[in-house]
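The values are calculated or read from the model by the stated rules, or taken from the named source; none is laboratory data. Since the model is a prediction, treat every value here as computed from it, not as a measurement. Note that each Cβ is placed from the backbone with ideal geometry, even for glycine, and that neighbours are counted across all protein chains shown. Keep in mind that these areas ignore ligands, DNA and RNA; they rest on the heavy atoms of the full protein, side chains included. Shrake-Rupley method; radii C 1.70, N 1.55, O 1.52, S 1.80 Å.
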Amino acid sequence: PSLPPVVFHWIPWFGSAAQYGQDPVEFFASCREKYGNVFTFVLLGKRVTVTLGPKGNDFVFGGKHTVVAAEEVYSSLTTPVFGSDVVYDCPNEVLMEQKKFVKVSLTTDKFREYIGMVDDEVTQYMDNEPPFRVFQTGSTTEWGSFSVYKTLAEMTILTASRTLQGKEIRDSMSKGFADLYHDLDHGFTPLHWMFTNLPLPSYWKRDDAQRKMTDFYLGIMNKRREGNPDDYDDVMSSLMRQTYRDGRSVPDHEIAHMMIALLMAGQHTSSSSTSWVLLHLADRPDIAELLYQEQVEHFGISGGDFREMTYEDMKDLPILDAVIRETLRMHSPIHSIMRYVRSDIPIPSSLAAPSEDNVYVVPKGYTVLASPAHSQLDPLLWKDANVWDPNRWLDKVGFAAQARKEYDESSQVDFGFGLVSKGTGSPYLPFGAGRHRCIGEQFAMLQIGAIVSTMVRKVETRFEGPFPKPDYTSMMVTPLQPCDILYRRRK
Ligand code: HEM
């Protein structure tokens, strides 16, 4: 067996950290030209073997847990932020149970309730918050502007706390909880991932916020128990009723830490995705108009008003669906999926082989990396890969329609408004695949869809200047700041 080719670099330990950190998708594309679909690069002392393409996705997402493990890679980032004994600070079988516990509270019935709450939060935000001054008081010809990522980060945390996090958290948002969230969030960066503990204020604040937030959730649980816990029917109350297979109930500190994990998992992913949707719509007023017309046709009532959205409606809005799908294709918030290699693993010869009678082996101690963000933008797989074209998902005869059909058919669950394949070998995997697959997809689709619908009903938007580039230096792929969208009230 041979080792995969190593990407050339000048500085030994540092390796290709700069090129990878700056623009991983571009870095992978240029490495593929030189080395093919499988290569190793050095990242701050680690050896990372990248496997590109749908087969590369399959190799990492479909890998056996005994051979490739997520916790060894992610724990240094997540454990100080989420807290102990959950997600990547416990055996993988325990994480699988924890994911199931959360899933039981993400039901269609709950989604039916959530949709109106999201609409209500966005409406209140636009009615009251300063960036929407023109919306509140201006005429239909006057333009205002809002900072897209900042606004969407706020809307996302407000809507997630109102729905998933529960009433007490939503009510505490203006009373200190938001500050705790920010301190915690500033400890959720690539720096904190690479160096788990440094004597710097951001680390102290992270640890302090983690403790205080845990206490916050513990306090809520205690209060609920003093009253009648059955009065509540949300994610936390459902976690309080669960038991592990071995019969032990879920300890309170684990519930608190899972609630933090959910908050963090859903925040940047959703807020950056919604930001990109709004940016593309502002950049393409023609498509925004089609989306608006879809809302009018579906929800319009007399007097130019709209009736309430229901969860069922969300499954019947093809343009909205295509707009979100296409945005997630181009701007998947998570660009690198990594696993630690626990024992030497051969690369299948169908993915890459140095010669007919030889295979590559990735040695124990390496990290393997798949990048759906790369396969979703690969010109070999997508026509006009770098063009945002929601139509590719609506096209009934073209390649995309065929691809979509395949994704939908291989999907083993009814995602309703949600979408894609559960298979590990797809080129389109914004929510991952396999045992670590996202459990928040349906909620995220609901949240993004409802925020965008409510906003598009109220305002027209435009974008001036060059379209923002992705910022890969934060944890999730956000639009490079500052970045403002122009808007005016609809007639
Ligand atoms: C896992 C993407 C929203 C909770 C994942 C993974 C991806 C992903 C790619 C797989 C990670 C890996 O294999 O290493 C997204 C995107 C979102 C989103 C694009 C929004 C647009 C959410 C939300 C929640 C959530 C709203 C919570 C309600 C989780 C959890 C996992 C996960 C618990 C499992 C982690 C594991 O098993 O290792 N997500 N996510 N996500 N996501 Fe999401």
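Brief remarks follow.
- In region 286-305, the residues that are open to solvent by 80 Å² or more (accessible area, probe 1.4 Å) and not in a helix (DSSP H, G or I): Ile301, Asp305
- The listed residue being more than 16 Å from the ligand (Cβ to nearest atom) and either open to solvent by 70 Å² or more (accessible area, probe 1.4 Å) or of a type outside the set (Val, Ile, Thr) (or both), out of Arg162, Arg241: Arg241
- Taken together, the residues in region 34-74 that are under 16 Å from Gly434 (Cα atoms), assigned to a loop (DSSP other than H, G, I, E, B) and not polar (S, T, N, Q) amount to 6.
- Some residue of region 121-138 being modelled with pLDDT of 90 or more and in a loop (DSSP other than H, G, I, E, B): yes
- Pairs, first on the phi > 0 side of the Ramachandran plot in region 298-318, second open to solvent by 60 Å² or more (accessible area, probe 1.4 Å) and outside any strand (DSSP E or B), C-beta under 9 Å, six or more apart: Gly304/Lys491
- Hits in region 473-488 - residues which are of a type outside the set (D, E, K, R), touching a residue at least 24 places away in the same chain (Cβ under 8 Å) and touching an Asp or Glu at 6+ places or on another chain (Cβ under 6 Å): Thr478
- Scan of region 205-221 for residues that are over 12 Å from Leu184 (Cβ atoms) and loosely packed, with under 14 Cβ neighbours inside 10 Å, ordered by number: Asp215, Gly219
- Which listed residue, of Lys405, Lys396, is modelled with pLDDT of 50 or more, more than 12 Å from the ligand (Cβ to nearest atom), not in a loop (DSSP other than H, G, I, E, B) and not polar (S, T, N, Q): Lys405
Residue-by-condition table, conditions (1) touching an Asp or Glu at 6+ places or on another chain (Cβ under 6 Å); (2) within 11 Å of the ligand (Cβ to nearest atom); (3) without any contact (Cβ under 8 Å) to a residue 60 or more places away in the chain; (4) of a type in the set (Ser, Thr, Tyr):
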site: Thr78; (1), (2), (3), (4): no, yes, no, yes
site: Ser84; (1), (2), (3), (4): no, no, no, yes
site: Pro91; (1), (2), (3), (4): no, no, yes, no
site: Leu95; (1), (2), (3), (4): no, yes, yes, no
site: Leu106; (1), (2), (3), (4): no, yes, no, no
site: Ile115; (1), (2), (3), (4): no, no, no, no
site: Asp119; (1), (2), (3), (4): no, no, no, no
site: Asn128; (1), (2), (3), (4): no, no, yes, no
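- Residue among Glu312, Glu326, Glu308 that is within 15 Å of the ligand (Cβ to nearest atom), acidic (Asp, Glu) and either open to solvent by less than 10 Å² (accessible area, probe 1.4 Å) or in contact with a Gly (Cβ under 9 Å, 6 or more places away or on another chain) (or both): Glu326
- Comparison of His257, His186, His192, His253 shows that the only residue that is away from the ligand (no atom under 16 Å from the Cβ) and either among the charged types (D, E, K, R) or crowded, with 21+ Cβ neighbours inside 10 Å (or both) is His192.
- Residue list for region 331-369, filter: open to solvent by less than 30 Å² (accessible area, probe 1.4 Å) and among the aliphatic types (A, V, I, L, M): Ile337, Met338, Val341, Ile345, Ile347, Leu351, Ala352, Val361, Val362, Val368, Leu369
For (1) away from the ligand (no atom under 16 Å from the Cβ); (2) touching a Pro at 6+ places or on another chain (Cβ under 8 Å); (3) open to solvent by less than 30 Å² (accessible area, probe 1.4 Å), each residue gets a yes or a no:
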| position | (1), (2), (3) |
| --- | --- |
| Pro430 | no, yes, yes |
| Gly440 | no, no, yes |
| Ala444 | no, no, yes |
| Ile448 | no, no, yes |
| Met455 | yes, no, yes |
| Glu460 | yes, yes, no |
| Pro468 | yes, yes, yes |
| Met475 | no, yes, no |
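- Tally, over region 330-352, of residues that are away from the ligand (no atom under 11 Å from the Cβ), part of a loop (DSSP other than H, G, I, E, B) and out of contact with any strand residue (DSSP E or B) (no Cβ under 7 Å at 6 or more places or on another chain): 4
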